[in-house]
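The values are calculated or read from the model by the stated rules, or taken from the named source; none is laboratory data. This one's a predicted model, so the numbers in the text were calculated from it and none came from an experiment. Ideal geometry is used to build each Cβ from the backbone, glycine not excepted, and the neighbour counts take in all protein chains shown.
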Amino acid sequence: MGTGALGGLTSPPGSDLDLWSREVLLDPWEEFRTIRDTAPVVYLERYDVHAVGRYRDVRGVLRDWQTFTSADGVAFNDLMNEAEMGTAPGSDPPEHDAVRSAMLERLRLTEVRGLVDLVQQRADEMVAELVERGSFDLVTDLAQRFVTQVVGELIGLSGDRLARFGPAGPTFFDSTGPEGDITYDAVPVALELLQDIGRITKDDMTPGSMGWSLFEAEERGEIPPDSTTMLIWNYIGPAFDTTINGIGSTVWALARDPGQWKILKGEPELIPSAFNEGLRMETPISIWARGCRNGADIDGVTIPPGSRLLSCCSRWAWKSRFASSHRCAPSHSRGRRSRSCSRSPSVMASTPASVRVWPAPRPTPSWPPWSTG
Ligand code: HEM
């Protein structure tokens with residue numbers, strides 16, 4: 001991929017693909033394949049967006065923030081782009097560096113390691129209770145409940161405020177789309193939740209939690225005044241639906257692959273890489289937006305100045321290999337380089353002991369899991 005030179009290049013082919021129809025949102029892989037088979041860049045006419053779908057090009061876009069900015073927002077509508085300005089996902093260096101390092105300070109591996117036992121304990125309790133029940137809804141009874149409880153506990157949210165976040169997870173993804181029914185329904189709810197986070201004070205946080213320690217850092221003058229709730233938002237906004245989707249999809253995929261489940265039960269140390277494989281196969285964030293203020297070229301195709309860009313996180317290798325290796329096939333499911341996902345590795349530590357007690361999951365007629373949510 002080259003960027004910057006605008007002469008002697010071809011224009012992207014136009015397409016009327018609708019990536020935001022309900023059917024495609026549930027199962028986008030064929031459309032992503034069409035995009036990458038057609039050209040390095042395809043112009044999606046109905047949304048005025050340039051879509052990039054080939055692995056190398058997507059990687060190039062995600063790494064090159066100077067040409068493909070996040071500071072204009074990573075959503076496909078103005079309201080959400082404005083609302084998320086200055087957050088980690090919605091900023092570029094140097095502003096991005098400051099926000100990211102304040103966040104990562106609380107996610108240092110040494111500190112996070114101390115949380116693994118807590119996460120493990122919560123997982124064991126929940127799984128034991130669900131296994132006892134015999135049958136349960138993977139998304140609402142396990143993934144949503146687990147993530148809400150654990151992320152809430154780590155960040156320091158509790159009570160009614162926390163109860164609103166788990167079920168509201170999809171709202172944040174839905175609110176990032178272009179104008180349309182799904183976005184119209186989601187944006188007001190997302191904005192209300194954002195405003196609610198803006199009203200959080202230190203007294204609302206559990207002492208010792210990540211959120212509480214951010215308020216303490218503000219008191220010590222380490223964080224600019226009034227930026228604490230925005231930093232708390234960085235832990236909350238990108239955390240819920242991604243992780244709920246990741247857990248739900250990984251177990252769903254394993255339910256269709258009983259041989260791999262059996263291997264994992266015998267070798268629970270493979271679980272973190274199996275979770276990565278789940279993220280690759282059913283990646284929770286499958287498209288990102290970027291702005292291209294000055295224009296660029298991608299593999300000989302011109303992107304005009306002022307364009308919005310969409311990069312698709314396709315499944316470049318189709319066959320799953322959950323338990324066959326400690327390394328999974330390359331994917332962009334966690335982002336790239338300086339702005340790759342800053343989530344707590346404690347979430348990735350997963351639930352080895354829980355898997356040992358859990359009999360093989362069996363799909364019921366209400367699957368796939370997201371149809372129940
Ligand atoms: C399995 C679950 C998760 C997945 C698949 C995931 C995926 C991603 C991806 C793809 C990005 C890059 C977005 C971009 O380039 O525009 C990202 C960024 C980010 N994620 Fe996650 N995420 C997950 C969980 C979490 C959690 C639990 C947290 C909270 C601690 C979190 C916090 C963030 C933040 C703050 C960013 C922005 C990082 C930056 O711009 O420097 N994520 N995530």
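In table form, for the structure just shown:
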read-out	value
Enumeration of residues in the stretch 230-282 that are of a type outside the set (A, V, I, L, M, F, W, C) and closer than 27 Å to ALA102 by Cβ	ASN234, TYR235, GLY237, PRO238, ASP241, THR242, THR243, ASN245, GLY246, PRO272, ASN276
Unique residue being within 11 Å of the ligand (Cβ to nearest atom) and not basic (Lys, Arg) when the list is SER91, SER15	SER91
Which numbered condition ALA217 fails, given (1) more than 12 Å from the ligand (Cβ to nearest atom); (2) within 30 Å of MET281 (Cα to Cα); (3) among the hydrophobic types (A, V, I, L, M, F, W, C)	(2)
Any pair with Cβ under 8 angstrom, 6 or more apart, that starts in the stretch 46-69 at a residue that is under 14 Å from ASP297 (Cβ atoms) and ends at one that is within 16 Å of the ligand (Cβ to nearest atom) and basic (Lys, Arg)	HIS50/ARG308; VAL61/ARG290; PHE68/ARG290
In the stretch 12-30, the residues that are closer than 19 Å to ARG308 by Cα and either assigned to a helix (DSSP H, G or I) or charged (D, E, K, R) (or both)	ASP16, ASP18
Looking only at the stretch 177-201, and only at residues there that are without any contact (Cβ under 8 Å) to a residue 24 or more places away in the chain and in a helix (DSSP H, G or I), the one that is nearest to the chain's Cα centre (by Cα)	ALA186
Qualifying residue in the stretch 102-114 (condition: of a type in the set (Val, Ile, Thr), within 12 Å of the ligand (Cβ to nearest atom), surrounded by 21 or more Cβ atoms within 10 Å (Cβ to Cβ) and touching a residue at least 60 places away in the same chain (Cβ under 8 Å))	no
Options PRO94, PRO89; residue that is under 30 Å from ARG36 (Cβ atoms) and not aromatic (Phe, Trp, Tyr)	PRO89
Any helices (runs of 4 or more DSSP H) falling wholly within the stretch 45-129 and containing at least 2 residues that are more than 30 Å from PRO188 (Cα to Cα) and at pLDDT 90 or above	55-63
Residue check, SER158 under 20 Å from ARG145 (Cβ atoms), of a type in the set (S, T, N, Q) and surrounded by fewer than 17 Cβ atoms within 10 Å (Cβ to Cβ)	yes
Flag for ASN245 being within 18 Å of PHE173 (Cα to Cα), within 13 Å of the ligand (Cβ to nearest atom) and out of contact with any Gly (no Cβ under 9 Å at 6 or more places or on another chain)	no
